[in-house]
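Step one of this worksheet: look at the structure below.
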Amino acid sequence: MSMVSNALKAASLALAAVFLAAGPMPVPAQAQQFVPKDENPEDFPAGSGRDDTFYACTACHGFKLVAQQGMNRRQWEESIRLMVDKHGMPELPAKEMRVVLDYLEATYPPRAQEPGRGWQNPFLTR
Ligand code: HEC
């Protein structure tokens, strides 16, 4: 062992001790994920099934992402199917699926039915 490598070894041991003493690293703010607490069911139009729908969807993303869509029942159903097939959403039991679709269909119908509002790209308006 040369003196240089002994000195390097001592230095790296000292460095390791500093890192160990520092404890767990704080998580940088930009790495923090969406937390459902950012939104409440009450932020969205009242209606039967609203809370169930809110909690079924906000396990993964904001409800705003849902609320800015306008679709018919079949399209909503396909959208949820996509969540299950592509994104690993647990399948909703048939009864819950009906409740969720009732709310989405009634609250967020296709935009064409609302005069003056064209189709909006959900990824640009988010
Ligand atoms: C298991 C996770 C998960 C759940 C639960 C979930 N989604 Fe998603 N969803 C995603 C991911 C991932 C994306 C795409 C990434 C993004 O835009 O955040 C997405 C995107 C979307 C989009 C944007 C357009 C699209 O097709 O990509 C819509 C609409 C949508 N979800 C609807 C819903 C609805 C309605 C529910 C509740 C019934 C729901 N999601 C529940 C994971 C989920």
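Overview of values
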| read-out | value |
| --- | --- |
| Candidate set from region 81-101 (those that are touching a residue at least 24 places away in the same chain (Cβ under 8 Å) and surrounded by fewer than 17 Cβ atoms within 10 Å (Cβ to Cβ)); member that is nearest to Pro45 (Cα to Cα) | Glu96 |
| Residues of region 68-80 satisfying the condition of being more than 9 Å from the ligand (Cβ to nearest atom) and touching a residue at least 40 places away in the same chain (Cβ under 8 Å) | Gly70 |
| Residue list for region 72-126, filter: charged (D, E, K, R) and modelled with pLDDT under 95 | Arg111, Glu114, Arg117, Arg126 |
| Count of residues meeting criterion [within 12 Å of the ligand (Cβ to nearest atom) and free of Cβ contacts under 8 Å to residues at least 24 places away in the same chain] in region 41-56 | 2 |
| All positions within region 57-67 that are within 6 Å of the ligand (Cβ to nearest atom) and part of a helix (DSSP H, G or I) | Cys57, Leu65, Val66 |
| Checklist (1) assigned to a helix (DSSP H, G or I); (2) more than 14 Å from the chain's Cα centre (by Cα); (3) within 20 Å of Phe123 (Cβ to Cβ) applied to Gly70, failing item | (1) |
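The values are calculated or read from the model by the stated rules, or taken from the named source; none is laboratory data. Bear in mind that the values here come from a model prediction, so they are computed numbers and not experimental data. No Cβ is skipped: glycine too gets one built from the backbone with ideal geometry, and neighbour counts run over all protein chains shown.
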